[in-house]
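Taken together, the values in this text are just the output of simple stated rules run on the coordinates, not laboratory data. Predicted model only: the values in this text are computed from it and were never measured. Methodologically, a virtual Cβ is constructed for each residue, glycine included, from the backbone with ideal geometry; neighbour enumeration extends over all protein chains shown.
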Amino acid sequence: MAVISKFRRTMGCWCVNILLLLPFCCGSAQFIEVIANIEVSWSRKGAVFLRTNTVRCVVGTNTWLLEGDFPANANETFWFTGTNIIRHTTITKRLPDTGRNRVHQFSSKVPEVGTEYGTVFDSDGGPMNQTGLENVAWLAFCSGKFFRAGGRKPLPIPVDPRAPYATNSLIFFEDSLQLPRRVEFYADLGDVLCQYDVQQVTNILGWSIPIQFQVVHNRQNTSGTWERHSQVIGRVTSLLPASPPVMVLDKNARKQ
């Protein structure tokens, strides 16, 4: 309950409000709320690093909302309306001096704690152009609409969105939400570059929902051998029926 309260307090600030509408407002449409911890570990120069993000998703058959502390210093919300994604960012922490120096390379001003801003961009509900764990959560809980509509554009590798790959294969759950059960990304010669696997699943409202999943990303070492570079473990901590979210966008939000 503490996690849920944290998110709902965050969502109450700025002039973007997430309103949970009563079920009779949306007819027979059904939604679920998923809260999960996503833990990523990776190695670099012999050292192992670990980071955990908490994500919250409200998912229906045609729309979804995804939020979490994806950047190191901010909370972000992405709401897919059916034709657009509305993105809301709240700066929650001051960057360390090293991080602030990197930001200064691209901008003359570093956002201060409490700064909030919004953007709107066209979307088919597919993966987002982000470099954090957003696309891991999207793939696990929010990707059904995109795949049901025939979406097959190149998917970003969830833990390394800029990494190139040759092909991918997908296996889905057989229900109306159609989330993926297994996704594999292959390198040019057929080696498995990245693999997403649902390890535990439950059923709610007739939908198969992952409650534990794993993403393994492999890289070639200097000798040309493929080895594990990073691993993501996702575990659901709360799963409930929900009402649809509605985001009231600030008039100053930027259109991209």
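Between ASN37 and THR237, the modelled labels are 0.6 nm apart [label points 7 Å from Cα along Cα→Cβ]. For the pair VAL192 and GLU112, label points projected 7 Å from Cα toward Cβ lie 5.1 nm apart. What the Cβ-Cβ distance of ASP122 and LYS93 gives, at R0 = 41 Å and to the nearest 0.05, is a FRET efficiency of 0.85. The peptide list 214-227, 178-191, put in order of mean Cβ contacts within 10 Å with the highest first, becomes 178-191, 214-227.
Taking R0 as 35 Å, what FRET efficiency do you get between THR222 and ASN62 from their Cβ-Cβ distance, rounded to the nearest 0.05?
On the way: r = 47 Å, r/R0 = 1.34.
About 0.15, to the nearest 0.05.
Here the spin labels are modelled as points 7 Å beyond Cα on the Cα-Cβ line, and at ALA149 and ALA163 they lie 2.8 nm apart.
Starting with the fewest neighbours, write out LEU240, LEU50 ranked by other beta-carbon atoms found within 10 Å of each beta-carbon. Can you show the working numbers first?
Values: LEU240 11, LEU50 8.
The fewest-first ordering by Cβ neighbours comes to LEU50, LEU240.
Here the stretch 111-245 is treated as a sphere whose radius is the Kirkwood value from Cα pairs; by Stokes-Einstein at 25 °C and 0.890 mPa s it diffuses with a coefficient of 150 µm²/s.
In the stretch 158-223, Rg over Rh equals 1.06, where Rg is the alpha-carbon radius of gyration and Rh the Kirkwood radius from pairwise Cα distances.
Counting pairs of Cα atoms in the stretch 116-176, how many percent are more than 19 Å apart?
Numbers: 629 of 1830 pairs.
Every Cα pair in the stretch 116-176 considered, those over 19 Å come to 34 percent.
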